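For reference, the structure discussed in these notes is given below.
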Amino acid sequence: MPSLLKLLQFFLFLVLGVGIMYWVYIRQDASYQAYCIQNSIPAEDCILSKKLWNDLVNVKPIFLVIILVAFLISNYFRSLRWRMILSSIGYNVKEVNSLGPILVGYFANLGLPRSGEFIRAALLTRYEKIPITVSVGTVVLDRLVDLVSMSIIITFTVLTQTDTFVRLYQEHLSHIPIIQQLIIPVSGILFLVVTFLTRNIWKHWKFIQLLKSKITGFLSGLLAIRKIENKLKFLFYTIMIWVWFFVMMYASLKSFGPTSQLSISAALVIYVFGSLGMLVPTPGGMGSYHFLVILALYYFGIHEVEAFSFANISFFSAQFATNIILGISALITLYIYNRKPKHLV
């Protein structure tokens, strides 16, 4: 049954991603046809799929190398930060066994979104013999730090690029009644209030008691941040993670002619929009990433068809190619590194 549920989940997320991607493609195809008519481009030369492919294969290899190296460096710092978390609760983990699961986790997310965190924790448990509840707790803590970091980056970007976000709201959200805009946050607050008020009813349920026991080990990993001694080093690692992720985006922009002249401030906005697109549970952020990156580039004067080309370049180089290459390499390396010599078996 669990395998069936996972298969169904994979199928649903894949359909969602393909559906959004198809919708984006149809919109851009119509825009490209209109562009060709305005510029007297023959119909046989106005095939969007052909343009997207040509733009993708003509990217300079040096930028693809920079993207791959930046991704590896970013996750190396992530592995150092993760080792600090684990060390604070008494687990000394080998470098290979901290970096490898992270890269494999990204690879797994291409197939089943959000599965990478669990696979990462499972691999750590397998190779370092750390309780799975503790492994999961440290992974969740790692992601919570990311969430806080991303919130800070978004806040900084909004404050420094206010005009762009005001225009976004006016053109895409201002027509929605304020009541509809408040539905999700108000519903969330009401759910929390009701849960709190009824806690004496449900806290004695057997399911809740079992869940509580499982959470004990989980919390020991989650609360590890309180025991971290060198918090400045932890902060430095966190900054480096995001700096090198940004380098990936900037290298992607430089790799494509129409976006190569964009400023660092523009790159920051596009980076934030792309990161938000990755939150949608589709394989690698398929479709949602494209839509939001196209939207961001539009505000900086990039024609939406060229923006679509860039989104594909960034998506397939940074998300698919990089994750596949490093993910498979890490999977093989973990197996070889942790394989017991025959004379010890």
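In table form, for the structure just shown:
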quantity: Scope the stretch 45-67; condition within 20 Å of residue 248 (Cα to Cα) and of a type in the set (Phe, Trp, Tyr); matching residues; calculated: 63
quantity: Of all residues making up the stretch 246-302, the number that are in a loop (DSSP other than H, G, I, E, B) and basic (Lys, Arg); calculated: 0
quantity: Answer from 37, 66 - the residue that is part of a helix (DSSP H, G or I) and exposed (fewer than 15 other Cβ atoms within 10 Å of the Cβ); calculated: 37
quantity: Every residue from the stretch 257-271 that is of a type in the set (Val, Ile, Thr) and either under 14 Å from residue 301 (Cα atoms) or within 11 Å of the chain's Cα centre (by Cα) (or both); calculated: 259, 269, 270
quantity: Residue list for the stretch 75-99, restricted to those being in contact with a Ser or Thr (Cβ under 6 Å, 6 or more places away or on another chain) and either farther than 26 Å from residue 232 by Cβ or modelled with pLDDT of 90 or more (or both); calculated: 79, 82, 83, 98, 99
quantity: Residue match in the stretch 76-89 (condition: of a type in the set (S, T, N, Q), free of Cβ contacts under 8 Å to residues at least 24 places away in the same chain and assigned to a helix (DSSP H, G or I)); calculated: yes
quantity: Residue that is modelled with the lowest pLDDT, among those in the stretch 40-55 that are under 19 Å from residue 26 (Cβ atoms) and aliphatic (A, V, I, L, M); calculated: 43
quantity: Single unsatisfied condition, residue 16 versus (1) in a helix (DSSP H, G or I); (2) over 19 Å from residue 288 (Cβ atoms); calculated: (2)
quantity: Leading residue by the ranking (nearest to residue 51 (Cα to Cα)) among those in the stretch 297-339 that are under 17 Å from the mean Cα position of the chain (by Cα) and free of Cβ contacts under 8 Å to residues at least 60 places away in the same chain; calculated: 311
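The values are calculated or read from the model by the stated rules, or taken from the named source; none is laboratory data. Since the structure is predicted, the reported quantities are computational estimates derived from the model, not experimental observations. Please note: Cβ atoms are built from the backbone with ideal geometry, for glycine as well, and neighbour counts cover all protein chains shown.
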